[in-house]
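Here's the structure we're looking at; comments come further down.
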Amino acid sequence: MRRGETLVQWSLAIVALSAIAVLALIIIFIFKEGSPIIARLGMVQFITGTKWSPTRGMFGILPMIVGSVWVTLGALLIGVPIGLATAIFLAEMAPSGTSQILKSAIQLLAGIPSVVFGFIGLVILVPLIRQWLGGPGFSVLAAGIVLGIMILPTIVSVCYDVLKAVPQAYREGMLALGATRWQTIKMVVLPAARPGIIAAVILGMGRAVGETMAVIMVAGNATRIPVSPLEPVRTLTSNIALEMGYAVGEHREALFATGIVLFIIIALLNTLARLVARVEKV
Amino acid sequence: MAEIEALRGRCTREDNNRCIPENGSAVKIHARNFSFFYGEHCALRNVSLEIKPKQLFTIMGPSGSGKTTFLRALNRLGDLIPNTRHEGSLKIDGTDVYDSRIDIPELRRNVGMVFALPVALPMSIFSNVAHGPQMQGVRHQKELEEIVEKALRDAILWDEVKNRLNDYASRLSGGQLQRLSIARVLALEPDIILLDEPTSGLDPISTLRIEELLWELVERYTIILVTHNPLQAARIDSKTAFFLMGELIETGSAYDIFTRPKDKRTEDYVSGKFG
């Protein structure tokens, strides 16, 4: 009995460690491949350089960093309000039957491959933007909208679970004081759910920063810093995906270095968001 | 006039139920053949009873006897559970609470409720009490402070919390929290206060404090106390109703119910044969 226990414990530990080991190997590999060029150019030069021209040996990724930030902010601006509103409706207002049906419909969104989102954005959204708002259509706006829709399932389902976890006693306590349903939600349910809602935003943000395919198809991918939401943009992930196929030597190293920057940005965002969530909890 | 004053002055614990209400024989709450269903399950069956203004009325009965259902019908909190329906009438001041024209938030402000598990809304002690009046549109800080102080004093909590009003309410002890819940209800100046086993999670001393408090509050409010504990009903010593399996078995003064119950089931319950 005792021996069996130990065996199970060790096997589980090994499985857990191997998952972590894979992660560690990936990180080591990216850093090994990408750090030489950062060392040569200097980190500051690499991330503040505004020219990306591999054929002329110019590797500045500021346009892509700005691009990723813009596109992610756009996605959050669209996805978070809609997602949160949907979750509030489903968790607090809709009758449970309706809520179940709508919820599974939204989760179906998560199952649609990203290339399909990109395709729809390409044939519908991009021409619409070009026609009504001007510019090439391939733009920060197009990428933001597509990503905003893509992060909806994450935002909705996490927010829904968080709202459902708010103790019923809070709602009853407020309603018994003569609060309307909306007052109850605004004053008690949302504040109690705030840390979880922030977690939902982090998850959505992670998805938006990391998404590649759909963005490539609608963002235009120009290596310039966009000055308006209607201009084309290239993100960090797009940069790697677009050029990895033919990159050699220094160019290849620069793409791995882009990966390092991406990795650091995501780690920083997560830490920051976690800190915010913790401050909110007190 | 002086006579009435004198009469009121004599309204002590013992004869509260013989007190003459201010407006003669008025009935505050009147249930007639009231039934309540959760889906197919009948939780209350043909309950008829009358509660007078400024009366302390105790409903006792074991779990599942329908006493909480009755309370939650009075402030329409039963509506939160889907698939419920009622039959018969349940009137407060002559108006049926299930009248379609009734403003439910207004009804709930008028019929305050204290729950079995004390609820600390996730905010400060001050805000917990000030919240109801704030939703009512009271904005002046000065006015809010007065309301909060009065409610906390009436709930005998003021002296314990006056120096820490901005602390999180969840830091209070269970007994304090339950008195905070009462203060929260008092701040809305309701007509009726419903208490659903308010002391079930409290120690004996906190319980006694709340029981004492009820006798002070009943001079200004109509109070319905629900308890599963016959000993508490005996201590409270007010007009008492005994509920069992969704039916009202009998009502009477606590003295009558405990010393000469009319129904065998009441006798079994108060003598501790079940419950």
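No lab work stands behind these numbers, since they all come straight from the coordinates. These numbers were taken from a predicted model, which means no experiment stands behind them. Neighbour counts run over all protein chains shown; Cβ positions are idealised from the backbone, glycine included.
The table that follows gives values for the structure above.
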quantity	calculated
Net charge contributed by nearby residues that have their C-beta within less than 14 Å of A:LEU62 (K/R +1, D/E -1)	+3
Axial C-alpha extent at least 18 Å, average Kyte-Doolittle at least -1.0 - helices from chain A (DSSP)	A:2-41, A:62-88, A:96-111, A:152-165, A:190-210, A:249-281
Mean separation of Cα contacts under 8 Å, 6 or more apart, over the residue count of the stretch A:52-281: relative contact order %	30
For B:ILE249, residues with placed amide H under 5 Å, excluding near neighbours	B:PHE242, B:PHE243, B:LEU244
Neighbour-count order for A:TRP70, B:TRP215, A:TRP132, fewest beta carbons within 10 angstrom listed first	A:TRP132, B:TRP215, A:TRP70
Proximal charge balance of B:VAL114 [Cβ under 12 Å; K/R count +1, D/E count -1]	-1
Neighbour-count ranking [beta-carbon atoms within 10 angstrom, fewest first] of B:CYS42, A:CYS159	B:CYS42, A:CYS159
Candidate lysines - alpha carbon under 26 Å from B:LYS264, same-chain residues fewer than 8 apart omitted	B:LYS67, B:LYS239, B:LYS273
Cα centroid separation, the stretch B:162-199 to the stretch A:203-262 (Å)	56
The stretch B:225-275: chymotrypsin sites (Phe, Trp or Tyr not before Pro) in DSSP loop, at most 14 other beta carbons within 10 Å	B:PHE274
Long-range amide H partners of B:ILE59 with built H, under 5 Å	B:LEU225, B:VAL226, B:THR227, B:ALA241
Partner aspartates and glutamates for B:LYS150 [C-alpha distance under 12 Å; skip if fewer than 8 residues away on the same chain]	B:ASP159, B:GLU189
Rounded if a/c under 1.5, otherwise prolate or oblate - chain A, Cα gyration tensor axes	oblate
Karplus-derived 3J(HN,Hα), 6.51/-1.76/1.60, for each residue of the stretch B:31-41, Hz, glycine and proline x	9, 10, 6, 7, 10, 9, 10, 9, x, 8, 6
Order of A:LEU7, B:LEU213, A:LEU102 under a 10 Å beta carbon neighbour criterion, fewest first	A:LEU7, A:LEU102, B:LEU213
Long-range HN-HN contacts of B:MET113 with modeled amide H, under 5 Å	B:LEU194
Karplus 3J(HN,Hα) series, Hz, for the stretch B:49-64 with 6.51 cos²θ - 1.76 cosθ + 1.60 (x for Gly, Pro)	7, 10, 10, 8, x, 6, 10, 9, 10, 9, 10, 10, x, x, 4, x
For the protein assembly as shown: rounded, prolate or oblate by the Cα gyration tensor [a/c cutoff 1.5]	prolate
Sum of side-chain charges, B:ASP196 neighbourhood, beta-carbon under 9 Å (Lys, Arg +1; Asp, Glu -1)	+1
Antiparallel bridge percentage (DSSP; both residues within the protein assembly as shown; nearest 5)	60
